[in-house]
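Engineer: Here you go, one structure.
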Amino acid sequence: MRRLVAGNWKMNGILAEAMQFVEELGDNPAPEHVEMALMPPFTLLHPLKEALSAKGIALGAQNVYFEPKGAFTGSISPLMLRDAGCHYVILGHSERRNIIGETDDVIRTKLQASWATGLEPILCIGEHLKEREAGKTNAVLKRQLAILEGTDSGLPLTVAYEPVWAIGTGHTATTDQVTETHAFIHEELARLGRPHCRVLYGGSVNPGNAESLMACPGVEGALVGGASLKADSFMEIVQAAARAAA
Ligand code: PEP
C-alpha cells in the first residue's frame, strides 16, 4: 500500500502563496511508494487543480456539506468538490468536531454523501488529553469508528488518527503511543470489515519527527497541518515517508 502524505492547510493560503508553493515543489515531487495530497481552502481548489495534477499530487477538501444542492447558503456540496478536481475530503477533523460542533451522526451523513459522489473520505478520529489520561482512548476511537458500522467496505476510505492534544501544539504522541493506538485502530477496522484500510498519523508532524512516526507499525502516512504550509518542510516530510517505506 502506498503511503499518503496529505497537507491540511486549514484556513491558510491566498492565490499568490499557493502558486509559489506549487512552484517550489519542483517537477516530480512524489517519490516512489509515496502519494502526495493537498487540502487547501475551498477558494484555492479550482486554481490548484491543473497545477497539482501536472505534478501527480492529489487534491482534497477540508470539509463538505451532505446535501447535493439547494438553499444551503455558504455550503459546498460533494459534486462541487468533484468538479473542482478533488479526490479526497477530510471529515471529522477535531477542529470541526470541537469548534463547529459536528457530531458523529453528521459526520456519518457526510461520509455517505461523499461516497455517493466518488470522493475518498479521510476520516479523522482522536481523543482529548483528559480522555487519554482517564484510559478512555480506545473507547473514544471505537465510538468514532462506529459510524462505519453497516457501510459498504468496498468504498474507499482512509482514516487519520489525530490525538486532539497533539494537533497544532508541538506535543507529538510518542512512537509507543502511536504504535499501540494504530494497532487498536487496525483491529477495530478489521472488525468493521476493513482490514486493509490505510491509517495515517496526524498531530504536530514535522521534518524532525516524521520518519520515526511513519516507521511505526500500522502507520501508513501522515496528515500534516502547520508543517505543510511551506514547500520545503512538506517535501522533507514526504522524503521521510519514502525512507520509512524503504
Ligand atoms: C491537522 O490539522 O490535521 C494537524 C495534524 O495539524 P498539525 O500538523 O499542525 O498538528
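Engineer: I want the local charge near Gln177. Using Cβ-Cβ distances under 15 Å, sum +1 for each Lys or Arg and -1 for each Asp or Glu among the other residues.
Structural biologist: Taking every Cβ under 15 Å from that of Gln177, the sum is -4.
Engineer: Can I ask one more? Could you please put Lys110, Lys130, Lys230, Lys142 in sequence from largest to smallest accessible area, using a 1.4 Å probe?
Structural biologist: So the residues, ranked largest to smallest area, are Lys130, Lys230, Lys142, Lys110.
Engineer: What are the extents of the Cα atoms of the stretch 1-72 along their three principal axes, in Å, largest first?
Structural biologist: 43, 33, 19
Engineer: Rank-order 204-211, 50-57 by packing density, defined as the average count of other C-beta atoms within 10 Å over each peptide's residues, highest first.
Structural biologist: 204-211, 50-57
Engineer: Can you give me the Rg/Rh ratio for the stretch 12-128, using Cα atoms for both radii and the Kirkwood formula for Rh?
Structural biologist: 0.99
Engineer: For the chain, with all protein chains present and a 1.4 Å probe, just round the carbon and sulfur fraction of the accessible area to a whole percent.
Structural biologist: Roughly 53 percent of what the probe reaches on the chain is carbon or sulfur.
Engineer: On to the next question. Hey, can you find the accessible area per residue of the chain for me, probe 1.4 Å, expressed in square angstrom?
Structural biologist: Value for the chain: 45 Å² per residue.
Engineer: Another question about this same structure. Across the chain, how many lysine pairs, 8 or more positions apart or on different chains, have C-alpha atoms separated by under 25 Å? Please give the number.
Structural biologist: For the chain, the number of qualifying lysine pairs is 13.
Engineer: Net charge around Cys86, counting only other residues with Cβ within less than 14 Å of its Cβ (Lys, Arg = +1; Asp, Glu = -1)?
Structural biologist: Residues close to Cys86 contribute a combined charge of 0.
Engineer: Along each principal axis of its Cα atoms, how long is the chain end to end? Whole angstroms, biggest number first, please.
Structural biologist: 46, 45, 32
Engineer: Same structure, new question: At 1.4 Å probe size, what's the solvent-accessible area of Ile99? Round to the nearest 10 Å².
Structural biologist: 130
Engineer: Sticking with this one: Using θ = phi - 60° and the Karplus curve 6.51 cos²θ - 1.76 cosθ + 1.60, what whole-Hz ³J(HN,Hα) does each residue of the stretch 163-171 get, with Gly and Pro shown as x?
Structural biologist: Residue by residue, the stretch 163-171 yields x, 4, 5, 9, 7, x, 10, x, 9 Hz.
Engineer: With Cβ to Cβ distances under 11 Å as the rule, what net charge do the other residues near Cys216 carry (K, R +1; D, E -1)?
Structural biologist: -4
Engineer: What figure, in Å² to the nearest 10, do you get for the accessible area of Thr175 with a 1.4 Å probe and non-protein molecules left out?
Structural biologist: 60
Engineer: Computed on alpha carbon atoms, what radius of gyration and Dmax characterise the stretch 51-187, expressed in Å?
Structural biologist: 15.8, 48
The values are calculated or read from the model by the stated rules, or taken from the named source; none is laboratory data. No experiment lies behind these values; they were computed from the predicted model shown. As a convention, Cβ positions derive from the backbone with ideal geometry for all residues, glycine included, and neighbour counts pool all protein chains shown. Protein only, heavy atoms only, side chains kept; ligands, DNA and RNA dropped before computing areas. Shrake-Rupley method; radii C 1.70, N 1.55, O 1.52, S 1.80 Å.
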